[in-house]
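Here's the structure, in structure tokens; my notes come after.
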Amino acid sequence: MPNPKGTPENLEPIKSNRDKPLDGKLAFRVTKEVEKPRVKNQTSADVGLEVVKASLTQLGVDPANYILVDGSGLSRRNLVTPEALVQTLRGIARTPTAYIYRASLPVAGKSGTLKGRFQDTPAEGIVQAKTGTLTGVVSLSGYMNAPKYEPLVFSILVNQSEQPATVVRQAIDEIVVLLTQLQRC
């Protein structure tokens, strides 16, 4: 299938990777390899982070809502608020290539890391989201096409819970299922 005008050819394969978890090491390598002129004593990772931060600003993400120290997303020193993730997702949704990103996300109850979640619930098939897990952290951020409400962007992050990740994940899933029931007043 041909790409829309202005869409880089190398982005199209992302759609076929929906069933594979995102590799934090790959994200780190991409950040390091971003093409940009370097200032003396600046590493490729530093240049990559500058490009990522500039891209986030261009998407409308408030820099006060995140701290990035590397491009992997797996560092405990990377900090982000749910608001920053929602701003990022909203910003991506306004771009001409938003469909490529959306197509790369797992679909609730259907594919990727969400294949075994949300099955036989109202969220099945109408939520596209990215999961995130580190020891002590569980998250889910993405898009929902609620049947009786406008499209939603959401981000739920649970940090430092004393509950096991399975319990936290179940609570997040219950919140998402509740969101599917939103209706206009």
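Some observations on this one:
- Qualifying positions in the stretch 105-124 - farther than 22 Å from residue 181 by Cβ and buried (at least 19 other Cβ atoms within 10 Å of the Cβ): 112, 113
- Note on the stretch 85-113: among residues that are part of a loop (DSSP other than H, G, I, E, B) and more than 20 Å from residue 175 (Cβ to Cβ), the one that is farthest from the chain's Cα centre (by Cα) is 96.
- Matching residues, the stretch 49-83, being in contact with a Lys or Arg (Cβ under 8 Å, 6 or more places away or on another chain), within 21 Å of residue 95 (Cα to Cα) and in a loop (DSSP other than H, G, I, E, B): 60
- From the list 153, 167, the lone residue that is among the hydrophobic types (A, V, I, L, M, F, W, C) and out of contact with any strand residue (DSSP E or B) (no Cβ under 8 Å at 6 or more places or on another chain) is 167.
- Elements of type strands (runs of 3 or more DSSP E) in the stretch 114-185, at least 3 residues being at pLDDT below 95: 127-134
The values are calculated or read from the model by the stated rules, or taken from the named source; none is laboratory data. Not measured: the values here are computed from a predicted model. Counting neighbours? That spans all protein chains shown, and the Cβs are built from the backbone with ideal geometry, glycine included.
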